[in-house]
Amino acid sequence: MGILGFLILGLIAGAIAKAILPGRQGGGWVVTLVLGVVGALLGGWIGSLIFGGGLAEFFDLRTWLLAILGAIIVLLVYGAITNRSSRRA
């Protein structure tokens with residue numbers, strides 16, 4: 001999968017993760033893109049550890065599920081960090 005495909009995958013996976021998680025998450029589409037790409041990387045790494053194969057093709061269902069799962073994990077961590085820092089201020 002090329003860089004452009006990976007960025008599109010990350011943007012869509014980040015948007016789906018934001019839609020799945022309850023509550024209001026901050027950030028615009030740039031934050032969604034970054035969190036989605038980081039989440040796709042994390043999901044691919046988790047998939048390679050568990051299933052022996054990470055992100056394969058753009059239209060593969062396993063690729064999308066791993067990217068969304070990784071984006072949800074990254075979004076949860078991001079929300080915990082930003083909520084903790086906003087409570088201090």
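All of the numbers you see were taken from the coordinates with simple rules; none came from a lab. Worth saying up front: this structure is predicted, and the values here are computed from it rather than measured. No Cβ is skipped: glycine too gets one built from the backbone with ideal geometry, and neighbour counts run over all protein chains shown.
Overview of values
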item	result
Projected label distance in nm at Ile3 and Val77, using a 7 Å step from Cα toward the beta-carbon	2.4
Label-point separation, Leu21 to Phe59 (7 Å along Cα→Cβ), nm	3.1
[x] 1.09; [y] 1.44; [z] 1.16, with the label sought being that of the calculated Cα Rg over 2.2 N^0.38 Å	[x]
All-pairs Cα distance distribution in segment 17-64, expressed in whole percent, bin size 5 Å	5, 20, 22, 22, 16, 11, 4
Value of [θ]222 nm, deg cm²/dmol, for the chain, DSSP H segments ≥ 4, -39500 (n - 2.57) each, nearest 500	-27000 deg cm²/dmol
